[in-house]
DNA sequence: GTGAAAGCGCTAACAG
DNA sequence: CTGTTAGCGCTTTCAC
């Protein structure tokens, strides 16, 4: 049946009004070149005709997409879901569109997403690296292209790429000092891969506190793995089976702590009585846990806006930006775990 | 300093190899026109030069973007975060890109996002409508353009637009029948706006069950509001203050149930002893709640794949598709609430 | 097998 | 203030 009409173009509007395409283009973008009355008229017919600018065409000729690519390892996760929502908010306010991609902790997918974003010619990239990111060649190329890229939370390399991270070491240090003050001596760590910044830095803070207080670390009570609940679960079970459970466990992330909670329950160990815990990062879920987990936390919307402003600045400098690093303050929040042992 | 190099184009590759742009274009897309050896050579230099196709240019000339727009009311939410992740998965497998936008339950933002997607010339749209969506004019236009659009979970109008919804009425009916069997008689509902399909249909199931069992509904124990935790909280407080708390409350969503839990706690009412609840929808959080909330639930990845397949089919028919409606089965899961009253 | 020509819809640069 | 010219980078004919 229908006449399968193509979308309205500037040209369609121009013809209808007996003006040139350029005039329409300018009017629609409120260019001062065009008189107010004409602008109004043009806008009206554009509206009537149901005109929507063709971004592909616009991008092609203007070399600007007003689009920022965002890559996160997971989205069904308190931290990432909230930071992504906050980034969307910033983008909306600044008239940018976001292209969101989820790497699912998979370096190959991360690569694919990066390539897609390069093909989309995004104006900038915001990324939290996957567990074992092996895409430094692309990142290098991005740097060479002077395409703004900002890593957040999880970086691949602190010096070459702009980043906004948490005070991972300091936060962990503070947390562990508190643990020690509460009388714990046998303190273990279910940590993250040591090829990731958060894995390394949070472990570093842990070590520093232990060293300062002259406590030795039992290597068998330290496991490095991923950042998810299953990692926490499996690591706990492993320590348990090998009889290496300490009195206290410091978990690298909230999901890992959650895995520990589950594993402890399954193994019949009570938290915090039999074994106590603390973790890096919080979750809404923590409000409903019994016991709730004491944790090192931070402000998510500050984090998001810092990240967004950084890319935005770099975009605005037109390829003349410097690599920058920022840290977001963390705070120790004491809840039902890690309470005074007596 | 640097020579601010522009991205590599087909032309660059062509010149280097002394062939035409067209040849390169075809080779890169594995067109059978081009010999295998040439194709291989072209791909190699493309790789070396760091070529990334310019999607804007490609879209402009091919009229296809391989992109699907997804709009959800919230993302920091168990249901939506997971379904979005599942949709991403489907898209990835089918070589589609996703443009995700979050309306934040705001009709105006929803409209803006829709417009953006139209300007991006997405091949199809997947949307879960915001609380009070007032964008039917755009939806109508989308239909007129024969642009595939599929509503999921929250629709605006069941007949004119393709949709995949839950068996809202049946699920609620089943749940309430169970409540009644457990001996409850004074059953209230903290429901959703009646201009939304889920608000209406879940209430309808509730009414149907009550009628069937000859129980009367106390209008003061029924409140219609939004789908978030704060809505559940406020509604409970209202009923409490007005002394209209029933023995049992059916919550429209999991977040609403959560709000009820909080409000009940704040008001010193024990669940399920003083007042018992059930809800539509589940959450990972439910595993940690004490008591956990019995609920009507469903399979999220089935849901996502049904939705995705539907848009994909419609896209593949090249504008010759019919409006379709599907429903996803729901199941009553009994946990710690809504247990036999004795 | 390969390529020349034309055009997708828009905007930047420059005239008038 | 308005319009002309010239692409942006790619793909789709269609000719060779």
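Taking residues in the stretch A:13-42 that are within 12 Å of DNA strand C (Cβ to nearest atom), and partners anywhere that are at pLDDT below 85, the pairs with Cβ atoms closer than 8 Å and at least 6 places apart or on different chains are A:26/A:33. Listed conditions (1) more than 9 Å from every other protein chain (Cβ to nearest Cβ); (2) under 19 Å from residue A:87 (Cα atoms); (3) in contact with a helix residue (DSSP H, G or I) (Cβ under 6 Å, 6 or more places away or on another chain) are all met by residue B:101, apart from (1). Within the stretch A:51-65, being assigned to a loop (DSSP other than H, G, I, E, B) and more than 7 Å from chain B (Cβ to nearest Cβ) holds for A:51, A:63, A:64, A:65. Close contacts from the stretch A:119-138, counting a first residue that is free of Cβ contacts under 8 Å to residues at least 24 places away in the same chain and a second that is surrounded by fewer than 22 Cβ atoms within 10 Å (Cβ to Cβ), with Cβ to Cβ under 6 Å and a gap of 6+ residues or different chains, come to A:119/B:52; A:119/B:53. Working carefully through the options A:207, A:214, find the one that is away from chain B (no Cβ under 14 Å) and in a helix (DSSP H, G or I). Result of the check over A:207, A:214: A:207.
Out of the residues in the stretch B:144-179 that are without any contact (Cβ under 8 Å) to a residue 60 or more places away in the chain and surrounded by fewer than 18 Cβ atoms within 10 Å (Cβ to Cβ), which is farthest from residue B:196 (Cα to Cα)? Residue satisfying both the conditions and the ranking: B:145. Would you confirm whether any residue within the stretch B:43-50 is surrounded by 19 or more Cβ atoms within 10 Å (Cβ to Cβ), in the same structural domain as residue B:103 (by TED's automatic domain parsing) and outside any strand (DSSP E or B)? Checked against the condition, which is being surrounded by 19 or more Cβ atoms within 10 Å (Cβ to Cβ), in the same structural domain as residue B:103 (by TED's automatic domain parsing) and outside any strand (DSSP E or B), the stretch B:43-50 yields no hits at all.
What about residue A:318, is it modelled with pLDDT under 95, assigned to a loop (DSSP other than H, G, I, E, B) and either surrounded by fewer than 19 Cβ atoms within 10 Å (Cβ to Cβ) or not assigned by TED's automatic domain parsing to the domain that holds residue A:123 (or both)? Yes. Considering only residues that are in contact with a helix residue (DSSP H, G or I) (Cβ under 7 Å, 6 or more places away or on another chain), without any contact (Cβ under 8 Å) to a residue 24 or more places away in the chain and either over 30 Å from residue B:256 (Cβ atoms) or within 16 Å of DNA strand C (Cβ to nearest atom) (or both), which ones fall in the stretch B:44-87? Residues satisfying the conditions are B:55, B:56, B:57, B:60.
Being closer than 30 Å to residue B:50 by Cβ, in a loop (DSSP other than H, G, I, E, B) and modelled with pLDDT of 95 or more is a condition met by at least one residue of the stretch A:155-164. When residue A:48 is tested against (1) within 11 Å of another protein chain (Cβ to nearest Cβ); (2) away from DNA strand D (no atom under 14 Å from the Cβ), only condition (1) is not met.
A count restricted to the stretch A:91-112 and to residues that are under 23 Å from residue A:154 (Cα atoms) and surrounded by fewer than 21 Cβ atoms within 10 Å (Cβ to Cβ) stands at 8.
With respect to the conditions (1) surrounded by fewer than 21 Cβ atoms within 10 Å (Cβ to Cβ); (2) within 15 Å of DNA strand D (Cβ to nearest atom); (3) under 30 Å from residue A:118 (Cβ atoms), residue A:39 falls short on a single one, namely (3). Kindly indicate whether any position in the stretch B:4-18 is within 16 Å of DNA strand D (Cβ to nearest atom) and closer than 28 Å to residue A:104 by Cα. So far as the stretch B:4-18 goes, no, none of its residues is within 16 Å of DNA strand D (Cβ to nearest atom) and closer than 28 Å to residue A:104 by Cα. Would you check if residue A:76 is near DNA strand D (Cβ under 9 Å from one of its atoms), within 8 Å of another protein chain (Cβ to nearest Cβ) and either part of a loop (DSSP other than H, G, I, E, B) or surrounded by fewer than 21 Cβ atoms within 10 Å (Cβ to Cβ) (or both)? No; evaluated as a whole, the condition is false for this residue. Annotation: of all residues in the stretch B:14-42 being part of a loop (DSSP other than H, G, I, E, B) and on the phi < 0 side of the Ramachandran plot, the one that is farthest from the chain's Cα centre (by Cα) is B:19.
Listed conditions (1) buried (at least 21 other Cβ atoms within 10 Å of the Cβ); (2) in a helix (DSSP H, G or I) are all met by residue A:190, apart from (2). Out of curiosity, is residue B:93 over 11 Å from the mean Cα position of the chain (by Cα), on the phi > 0 side of the Ramachandran plot and more than 8 Å from chain A (Cβ to nearest Cβ)? Answer is no for this residue. Tell me yes or no: at least one residue of the stretch B:165-182 is more than 10 Å from every other protein chain (Cβ to nearest Cβ), on the phi > 0 side of the Ramachandran plot and either in a loop (DSSP other than H, G, I, E, B) or modelled with pLDDT of 95 or more (or both). Looking for residues that are more than 10 Å from every other protein chain (Cβ to nearest Cβ), on the phi > 0 side of the Ramachandran plot and either in a loop (DSSP other than H, G, I, E, B) or modelled with pLDDT of 95 or more (or both), one finds none in the stretch B:165-182, hence no. Within the stretch A:228-260, restricting attention to residues that are in a helix (DSSP H, G or I) and farther than 24 Å from residue A:195 by Cα, which residue is farthest from the other protein chains (Cβ to nearest Cβ)? This residue is A:241.
The values are calculated or read from the model by the stated rules, or taken from the named source; none is laboratory data. Quantities reported herein were computed from a predicted structural model and do not represent experimental measurements. For neighbour counting, all protein chains shown are included, and Cβ atoms are generated from backbone atoms with ideal geometry for every residue, glycine included.
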